[in-house]
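*Asks:* Got a structure for you, written out below as structure tokens; questions coming shortly.
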Amino acid sequence: MPTQFRQREQNQLTKWIGGRKKYTLLYRASRDGCTNTAFHNTCNNKGPTVTVLCSTDNFMYGGYTSASWKSSGNYQNDGAAFLFRLYQNGNWKPVRMPVMNAQNATYDHPSYGPTFGAHDLHTFSNTITFDGRCFPLNGSASFGESYTMNGENYNSIANGHLRVKDIRVYLVEDLAGDTPLDGSWRKTAKWNPKLLNELKEKVEKYKPLKDLQVPQARILLVGQVGAGISSFFNTINSIFRGYITSQACSGNAEHSLTTMYRMYQIRNGQTGTPMNFRLHDTRGLEADQGIDSHEMNYLLDGNLPDRHQFNPSVPISGDTAGFVVSPNLSDKIHCVIFVLDGSIVDVMPEKVIERMKNLQLRMNQRGIPQIVLLTKIDKVCEATGEDISQVFYSPVIKETVDRLF
């Protein structure tokens, strides 16, 4: 278990507190002394803080309060306060215990160290001397007095004792929503022309497994109307052609501009040779329109031909023009991409989400892998729109992705 308050621990606290936060060390017992005076001198009147205790047997726990410490000698009211555990016996076991009696959220006594509740977690009083191995705190723990423990207790939170390697108190400050993250939220190589060429080459050299006897992997694009399904195909096609193409009809409209099932080839611009995969475009989803579960079954199973015209009044059957009665593995869909408009993730109609889940059920039944493609991220984060290489440093994009999963 780490003794430092690392990014992982900060991210968990931030998730519990909400918003974007910055953590600055105010007090550290091993540096400043384990005394009530040192604690209050460094932490009073600072604002919201998080107190972290690191025990001798690798438990990490503590409490958060949005109220400033003041040496008032009174209880402080704080409906946002909570206790927490991050590690248990060195294992990552995060749990949050919210305040249930907000009037007694903290006890701000000048002779005490950080104290939460009455007294759910009283860390220490006056001065504690380091004994060469730890700080044997003289406080107490009556968990459950002012905080909802959710099945946890003194043993599961602190292993039944208050012997700690260190106590730290961090100032918790708000960060602007568009402030870039210190590190990338997803591990990627550095974005530059070299990486672009490497990715293109990797795609160009892709081949399905020879034993499958599938000349081209078939990838189905599914998404809400306006998500940019056809535009995505045009973008991929343009990249490998070496010039801008608009083979698939795209644009803004009330209903889907795609009315028929299309199987698009991606060709190498220099040789004109088709790639070893195809992108399949279909109607965009709406609350009461778009491809349904019945049609999806036939699509996934490879029964429908290129340019099949969807018609809600004429159900698909073996009599449908071009219907493939006995499709081979090479005719079937091998992967599905859900194309989602990142700018409307929070307001996507429930009926559209329900339709997607119903379609996904058909895919899962067939063991078809699925991925999510988030489009229009320039509308989600203005800074990313100005510099796309910063996409994995954008907290706004990260939060949008987190909401999807």
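*Asks:* Residue check: is Asn41 outside any strand (DSSP E or B), touching a strand residue (DSSP E or B) at 6+ places or on another chain (Cβ under 7 Å) and of a type in the set (S, T, N, Q)?
*Replies:* no
*Asks:* Moving on. Report, ordered by the first and then the second residue, all pairs with beta carbons closer than 8 Å, sequence separation of six or more or different chains, a first member in segment 184-202 that is farther than 18 Å from Asp387 by Cα, and a second member that is assigned to a helix (DSSP H, G or I).
*Replies:* Lys200/Ile239; Lys200/Phe240
Yes/no matrix, rows are residues, columns are (1) assigned to a loop (DSSP other than H, G, I, E, B); (2) among the hydrophobic types (A, V, I, L, M, F, W, C):
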site: Ile291; (1), (2): yes, yes
site: Met296; (1), (2): no, yes
site: Gly318; (1), (2): yes, no
site: Phe323; (1), (2): yes, yes
site: Ser326; (1), (2): yes, no
site: Ser330; (1), (2): no, no
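*Asks:* Right, here's the next one. Checking the conditions here, which among Thr51, Thr37, Thr56 is of a type in the set (Ser, Thr, Tyr) and either over 34 Å from the mean Cα position of the chain (by Cα) or not assigned by TED's automatic domain parsing to the domain that holds Asp108 (or both)?
*Replies:* Among Thr51, Thr37, Thr56, only Thr37 is of a type in the set (Ser, Thr, Tyr) and either over 34 Å from the mean Cα position of the chain (by Cα) or not assigned by TED's automatic domain parsing to the domain that holds Asp108 (or both).
*Asks:* Mind telling me which of the residues Glu145, Glu152 ends up being crowded, with 17+ Cβ neighbours inside 10 Å and either out of contact with any Lys or Arg (no Cβ under 6 Å at 6 or more places or on another chain) or outside any strand (DSSP E or B) (or both)? Quick ask: steps written out before the conclusion?
*Replies:* Values: Glu145 fails: crowded, with 17+ Cβ neighbours inside 10 Å.
Result of the check over Glu145, Glu152: Glu152.
*Asks:* Return the residue satisfying two criteria in turn: it lies in segment 238-262 and is touching a Ser or Thr at 6+ places or on another chain (Cβ under 7 Å) and closer than 25 Å to Met296 by Cα, and of such residues it is modelled with the highest pLDDT. Give the derivation first.
*Replies:* In the first step, residues of segment 238-262 are kept if they are touching a Ser or Thr at 6+ places or on another chain (Cβ under 7 Å); the result is 238, 244-245, 248-250, 257-258, 261.
Then keep just the ones that are closer than 25 Å to Met296 by Cα; that gives 248-250, 257-258, 261.
Values: Ala248: 61, Cys249: 62, Ser250: 54, Leu257: 55, Thr258: 56, Tyr261: 90.
Here the answer is Tyr261.
*Asks:* Another question, if that's okay. (1) exposed (fewer than 15 other Cβ atoms within 10 Å of the Cβ); (2) assigned to a loop (DSSP other than H, G, I, E, B); (3) not acidic (Asp, Glu): which one isn't true of Ala118, the others all being true?
*Replies:* In the conditions (1) exposed (fewer than 15 other Cβ atoms within 10 Å of the Cβ); (2) assigned to a loop (DSSP other than H, G, I, E, B); (3) not acidic (Asp, Glu), Ala118 misses (1) alone.
*Asks:* Ok, one more. I want to confirm something. Restricting to segment 56-93 and keeping residues that are outside any loop (DSSP other than H, G, I, E, B) and of a type in the set (S, T, N, Q), which single residue is farthest from Val169 (Cα to Cα)?
*Replies:* Asn91
*Asks:* Could we say that Ile316 is among the β-branched types (Val, Ile, Thr), surrounded by 14 or more Cβ atoms within 10 Å (Cβ to Cβ) and either over 29 Å from Val391 (Cα atoms) or touching a Leu at 6+ places or on another chain (Cβ under 7 Å) (or both) here?
*Replies:* Judged against the criteria, Ile316 is a match.
*Asks:* For Ser125, all conditions in the list (1) under 22 Å from Ala67 (Cα atoms); (2) within 32 Å of the chain's Cα centre (by Cα); (3) surrounded by fewer than 18 Cβ atoms within 10 Å (Cβ to Cβ) hold save one; what is the number of the exception?
*Replies:* Evaluating Ser125 over (1) under 22 Å from Ala67 (Cα atoms); (2) within 32 Å of the chain's Cα centre (by Cα); (3) surrounded by fewer than 18 Cβ atoms within 10 Å (Cβ to Cβ) leaves (2) as the failure.
*Asks:* Out of all the residues in segment 69-102, which are loosely packed, with under 14 Cβ neighbours inside 10 Å and among the β-branched types (Val, Ile, Thr)?
*Replies:* none
*Asks:* Moving to a separate point now. Between Val324, Val339, Val352, Val380, which is closer than 23 Å to Phe233 by Cα, of a type in the set (A, V, I, L, M) and without any contact (Cβ under 8 Å) to a residue 60 or more places away in the chain?
*Replies:* Val380
*Asks:* Looking only at segment 370-403, count how many residues are in a helix (DSSP H, G or I), surrounded by fewer than 13 Cβ atoms within 10 Å (Cβ to Cβ) and under 17 Å from the mean Cα position of the chain (by Cα).
*Replies:* 2
*Asks:* Can you pull out the residues in segment 348-384 that are at pLDDT 85 or above and of a type in the set (Gly, Ala, Ser)?
*Replies:* Gly367
*Asks:* Another question about this same structure. Could you list all residues from segment 170-220 that are assigned to a loop (DSSP other than H, G, I, E, B) and over 27 Å from the mean Cα position of the chain (by Cα)?
*Replies:* Lys205, Tyr206, Lys207, Pro208, Leu209, Gln213, Val214, Pro215, Gln216
*Asks:* Taking Ser111 as the residue in question, decide whether it is surrounded by fewer than 19 Cβ atoms within 10 Å (Cβ to Cβ) and more than 28 Å from the chain's Cα centre (by Cα). Step through it out loud before you land on a result.
*Replies:* Working: surrounded by fewer than 19 Cβ atoms within 10 Å (Cβ to Cβ): yes; more than 28 Å from the chain's Cα centre (by Cα): yes.
In short, yes.
*Asks:* So which residues in segment 17-44 are of a type in the set (A, V, I, L, M, F, W, C) and crowded, with 16+ Cβ neighbours inside 10 Å, if there are any at all? Break it down into steps so the answer makes sense when it comes.
*Replies:* At the first step, the residues of segment 17-44 found to be of a type in the set (A, V, I, L, M, F, W, C) are 17, 25-26, 29, 34, 38-39, 43.
Within segment 17-44, Ile17, Leu26, Ala29, Cys34, Ala38, Phe39, Cys43 meet the criteria.
*Asks:* Go through segment 125-142 residue by residue and tally those that are part of a strand (DSSP E or B) and either charged (D, E, K, R) or out of contact with any Pro (no Cβ under 9 Å at 6 or more places or on another chain) (or both).
*Replies:* The qualifying residues number 5.
*Asks:* Just name the residue that is farthest from Thr400 (Cα to Cα) out of those in segment 334-367 that are of a type in the set (D, E, K, R) and not in a helix (DSSP H, G or I). Talk me through it step by step, then tell me what you get.
*Replies:* Step one: filter segment 334-367 for residues of a type in the set (D, E, K, R), giving 341, 346, 350-351, 354-355, 357, 362, 366.
Now drop any that are not not in a helix (DSSP H, G or I), which leaves 341, 366.
Details: Asp341: 11, Arg366: 29 Å.
It comes out as Arg366.
The values are calculated or read from the model by the stated rules, or taken from the named source; none is laboratory data. Model, not experiment: these values are computed from the prediction. No Cβ is skipped: glycine too gets one built from the backbone with ideal geometry, and neighbour counts run over all protein chains shown.
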